[in-house]
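*Asks:* Questions regarding the structure given below will be posed in turn.
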């Protein structure tokens, strides 16, 4: 079986709540209107995906969000929402 991991990024202002809510939502089955590969309207069904993680990319208002105190805050938020803690940090550094 192949597992597909779903990634959710924090908002551009640095807030992670939306990403956490997306991880929770993705865990459960969904049905919605969509189209087939042939372009025919259809009801699309998903089984849900428990293999999700959050990508912290900083924010244009808050700046970087990968410092220890922020990571600790995010871990506590995940635990409060009964999520498995999975974080991926993207740190871009300018090489001189």
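What follows is calculated from the coordinates using simple rules that are stated; it is not laboratory data. All values reported here derive from a predicted model rather than from experimental measurement. For neighbour counting, all protein chains shown are included, and Cβ atoms are generated from backbone atoms with ideal geometry for every residue, glycine included.
*Asks:* Could you tell me whether residue 51 is in contact with a strand residue (DSSP E or B) (Cβ under 8 Å, 6 or more places away or on another chain) and over 16 Å from residue 77 (Cα atoms)?
*Replies:* Judged against the criteria, residue 51 is a match.
*Asks:* Output the residues belonging to region 13-31 that are surrounded by 12 or more Cβ atoms within 10 Å (Cβ to Cβ) and in a loop (DSSP other than H, G, I, E, B).
*Replies:* 14, 15, 16, 27, listed by residue number.
*Asks:* How about region 32-62: which of its residues are more than 23 Å from residue 85 (Cβ to Cβ) and assigned to a strand (DSSP E or B)?
*Replies:* 32, 33, 34, 35, 41, 42, 43, 44, 45, 46 - these are the residues of region 32-62 that are more than 23 Å from residue 85 (Cβ to Cβ) and assigned to a strand (DSSP E or B).
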